[in-house]
Every structure is written in C-alpha cells, then in structure tokens.
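So the structure is just underneath, and the comments pick up after that.
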Protein chains: 4
Amino acid sequence: MFIELDLQSETPIYAQLVDQIVEGIASGELKRGDPLPSVRRLAEELGINLHTVNKSYNLLKQEGFLQVHRKQGVIVHPDGMPGVTEAFEAKLQRQLRSLAAEAAVRGMTEEAFTEESRSVYRDTITNRGGG
Amino acid sequence: MFIELDLQSETPIYAQLVDQIVEGIASGELKRGDPLPSVRRLAEELGINLHTVNKSYNLLKQEGFLQVHRKQGVIVHPDGMPGVTEAFEAKLQRQLRSLAAEAAVRGMTEEAFTEESRSVYRDTITNRGGG
Amino acid sequence: MFIELDLQSETPIYAQLVDQIVEGIASGELKRGDPLPSVRRLAEELGINLHTVNKSYNLLKQEGFLQVHRKQGVIVHPDGMPGVTEAFEAKLQRQLRSLAAEAAVRGMTEEAFTEESRSVYRDTITNRGGG
Amino acid sequence: MFIELDLQSETPIYAQLVDQIVEGIASGELKRGDPLPSVRRLAEELGINLHTVNKSYNLLKQEGFLQVHRKQGVIVHPDGMPGVTEAFEAKLQRQLRSLAAEAAVRGMTEEAFTEESRSVYRDTITNRGGG
DNA sequence: GTGGTCTAGACCACG
DNA sequence: GTGGTCTAGACCACA
C-alpha cells in the first residue's frame, strides 16, 4: 500500500487514512471497483488499531467513496463518485476561507494563493506514479 | 465585535475565534495597533469562558499576530505580520492537498477548484464591513 | 521521577517543571524517545493540577523538546533537539546581561563570572543520576 | 537618560528599570554618588506610572544599590556596592542552571556557553559609551 | 482594571 | 487509558 501515516500529527489517524485513500482515488492509483485490503490486514500493515481502520472505511462508505461487499470485501465504489454536494461545498469554502485569510495576512498575494491551489490540485492528481 | 461562533461545531471554539480574528485582520477591519477587547469582556460578549478567549489570544500572540502591550492590553501587532513561514507553507499545502483530492474525486475540475480558491481569497479580504 | 518543585517560589510551577524536564534531558536522564508520565499521573505524583502539567508539556512540545505520540503518550523528541535558534540566543543574551551586570556591580570579576558559568554548565550535564 | 523599556516584553517594567540602572552602574555610566532623576521626572520621561518607578527605586534601595536622601533625592550609593551575597549567589546559580541546561540540550558546547558568558560580561561593562 | 497562574471538575475524541 | 477542550471560580502581579 501507498499509505503513510504520521503518528505524531495532530490529525487523527483515521482522518489521515481517509485522506490518503481519497488521494489514492484522485490520483488514479485506486480505480472504480478496485479492492482495498481487509480491515484486519490494513490494520496489521499499518500497525494501528482495527477500530481505526474500521472508522475510516465506514466514513468513506457513508460518503459514497467505498462499497462494502459481504464476500468481496471493501472496494472503491464502482458506480462513480458522489459529486460536489452542498456539504462538501460548505466545508471547502470554510477551510479555504481560513487558509486564505491567514495567507493574505502573511502577505501572500491572490495570485500566489491561487497558483498554489492550482499547483497542489495538479500534484494531487498526477504525483502518484511512484507507488 | 464582528465575531460569530458556532458552539455546536466540531471545530473548537478557540480555533474558531483564532480564525475569525485572522479574518478580521485580513479584511482590514482590524488594523495594526488596533486594540482587542480584554479577555474578560470578549468572553462575556461571546458567552464563553475567559480561558477560551485567553487560549486564542495566546496562540495569536505566539504566531506573531497579536501583541500583549502592558497597560494597553491586547493589540494587533503594530510592526507587521509574520510572513509566509515554512510552517505555514507546510500547513497550507497539507490542507490544500486534502481538499483538492476530495474535490477532484467529486469531479471538480482544476479550473473550478482554482477559481473557488481565488474567489474565496477575494471575499476574505473585501467582504467585511459591508455586511 | 526526579522532579522537585518549590510551590512557594515566585517562579510559576509550570516554568519550574519545564526547567526540570529540560535539565533532565541535558543530564541524559531523559533520552530521545523516552516516555514521560501522563499528565494525570505526573500531576498526581507532584501534587499539582493536571492543567499545570499540561501547560508545561505543551510549551515543551511547541519548542520541539517533546512529542505527543498518538498512543505512546508524551515522549522526548526522538529526532534530536531544536538547536540554537535566534529566539534562544536572544533570551540567553538578555538574561546573561542582567546577571553579568549585577555580578559586576557586586564586585565579581570576569574570570569569576565566567568560571561560575562553566561550572554550572558542567554540573548541569553531569550532576544527575549520582544524586 | 540611557534607559530603554520594552512595553511588550513579558518582563515587568519595574524589573527592566532595575536591570537598566544596574547595567548603568556596571558600565560606569552611573558612579557612586551620582544623582538619579526624581521618581516623578523619570516616570514622566519614560511615560510610565509613578508607582512603577517607585517600586524599582525601592528595590534598588533595599538591595543597597541606591540611597534616598531627604533633599538630594535619589543617588547611587556612595559607600560602594553590596558584594556577592548568598542570595545573589543562589539566584545566579539558579538562573545559570536553567540557561545552561537549555543551551546544552540545544547543542551549545561548554566552551561556547562559557565564552558567551564572558563576552556578555565584557559588553556589559564597556559597551555603554554611546549614551 | 489588565493578563497570568492555579485549582477543580467535567465531557469528548482517539485508539 | 490518553490528551484536548471547556467551564467555573479564585488569587496575584502589574500598572
């Protein structure tokens, strides 16, 4: 697996795991219908608690990114991704507002902030070839 | 004060307060040297505990946004803001990466994401005072 | 634990605690990656409030001396210590200047002051564990 | 006067004032019997409260650095300075220990720390010609 | 009046 | 179990 966790981070492990899986889907490393490791295996691989993996998978299932089959286990949702919901739009704006405000106060221009966003978006989509 | 808190939010109150003050500085509503309410007054105004306000003020002081002036109380740092530190750059990229990945997965294009960032940045530095 | 607090001192308890932990690291009694007691346990051991311990731990975390490892609790930072920052250099000079001035006025020679510094430095890094 | 206060510092103003006067004596700028401004005048010059200056003067009088005459006002003690008391020795060691420990942890060698002390002592005694 | 410190007790998220 | 957050109420140093 391509997942790297930072156990010192203040970001909860389950949230890091969610992020990494979403990034895996964004980069194309994980495609529709692709299988994910079982809860037990992934927990063992990463050296973390079963409950933690379970929480991440459940969140991703609720959001519509993953599907849980009885026997096939966990797979990336085969029918496509959820789309831009109101909830996501709200979250996006809220977090961007916080970042933009601090960036502006620290002297980052609109152009610099915008280009940073663009650059990160591109990296996220493409920068996964090493895995 | 212009501060609005969501006491039900999962975002800690002190963090919301930090964000709102930074946004106040970004929008120009708070200028260099401007005084902020005392911890007690702001706490009373917002209906929260003074320690919560204190925590926010202290974080902003550490970051270099605020100064605690003996006698004058807490003021916006008069000598300019901290600038884009490595720590901020790292935080910015980390959070943008997470947002960009989810945006991409949900079908948001690079252009849409970039323009959203630009738009939010603009709103942040202008959309105050008119409300 | 090796920590001794003077609850009557005008030096805040949390600051004494910070000092003692740093001295513990300096003396080698605390090594990289070593675990520290939980805030609750240490607070109980020392007969102080857990928030006071928490404040000390947080300060040391910010400075880069400690790490909060998810699950392992608080540990001495395993990747080495922060190094001589500008902030520390400034603090060092400011405090030394004050001490040196009073020492000089009281008739302490440069040699005496310098040797006192050397002697204290040596004691600090060796005078533990044997006690 | 040669006194510069930092109203943003976490060091109390009265303590800064004490330090500066002691440094003035150490550097020779203030000699035995030299007059100091009246409480009222110095407070006005520095733009601080009467009580603050008073507190500083009283502390310096208690320590034996200053003398207060009925009519002549405040002067540097004409009969020489107090000498190295036990109390000062204790304070010196306590503060040096704290500084030395942090210096050691940050990788400063004994030689570097010792030379820093020597250098600061020298500056304190001589570096006052500009006033 | 201010901010700084300390205590006490509570709930929560995390793992 | 852990640390993180919040509340409540208290005392103190400072100016």
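The values are calculated or read from the model by the stated rules, or taken from the named source; none is laboratory data. These numbers were taken from a predicted model, which means no experiment stands behind them. Here Cβ is always computed from backbone atoms with ideal geometry, including for glycine, and neighbour counts include all displayed protein chains. What goes into the accessible areas is simple: the full protein's heavy atoms, side chains included, and nothing from ligands, DNA or RNA. Shrake-Rupley method; radii C 1.70, N 1.55, O 1.52, S 1.80 Å.
Among the numbered criteria (1) assigned to a loop (DSSP other than H, G, I, E, B); (2) more than 20 Å from B:LEU96 (Cβ to Cβ); (3) within 14 Å of another protein chain (Cβ to nearest Cβ), which one does A:TYR14 miss?
(1)
State the number of residues belonging to the range C:66-104 that are closer than 30 Å to D:MET81 by Cβ and either within 16 Å of DNA strand E (Cβ to nearest atom) or within 9 Å of chain D (Cβ to nearest Cβ) (or both).
Of the residues in that region, 15 qualify.
So A:GLY64 clears everything in (1) farther than 21 Å from A:GLY28 by Cα; (2) in the same structural domain as A:ALA26 (by TED's automatic domain parsing); (3) of a type outside the set (Asp, Glu) except one condition, right? Which one?
Condition (1) is where A:GLY64 drops out.
All but one of (1) touching a Phe, Trp or Tyr at 6+ places or on another chain (Cβ under 9 Å); (2) open to solvent by less than 30 Å² (accessible area, probe 1.4 Å) hold for C:GLN20; which doesn't?
(2)
Anything in the range C:91-131 that is at pLDDT 95 or above and within 16 Å of the chain's Cα centre (by Cα)? List them, or say none.
Of everything in the range C:91-131, those that are at pLDDT 95 or above and within 16 Å of the chain's Cα centre (by Cα) turn out to be C:LYS91, C:LEU92, C:GLN95, C:VAL120, C:TYR121, C:ARG122, C:ASP123.
Give the residues of the range D:23-47 that are within 16 Å of DNA strand F (Cβ to nearest atom) and open to solvent by less than 30 Å² (accessible area, probe 1.4 Å), sorted by residue number.
Result: D:LEU42, D:ALA43.
Identify the residue in the range C:51-101 that is open to solvent by less than 60 Å² (accessible area, probe 1.4 Å) and on the phi > 0 side of the Ramachandran plot and, among all such residues, is nearest to DNA strand F (Cβ to nearest atom).
Within the range C:51-101, the match that is nearest to DNA strand F (Cβ to nearest atom) is C:GLY73.
Kindly state which helices (runs of 4 or more DSSP H) lie completely within the range C:40-131 and contain at least 2 residues that are without any contact (Cβ under 8 Å) to a residue 40 or more places away in the chain and closer than 26 Å to A:THR11 by Cβ.
It comes to C:50-63.
Check whether at least one residue in the range C:4-25 is of a type in the set (S, T, N, Q), farther than 24 Å from D:ARG106 by Cβ and out of contact with any Pro (no Cβ under 6 Å at 6 or more places or on another chain), and report yes or no.
Yes, the conditions are met somewhere in the range C:4-25.
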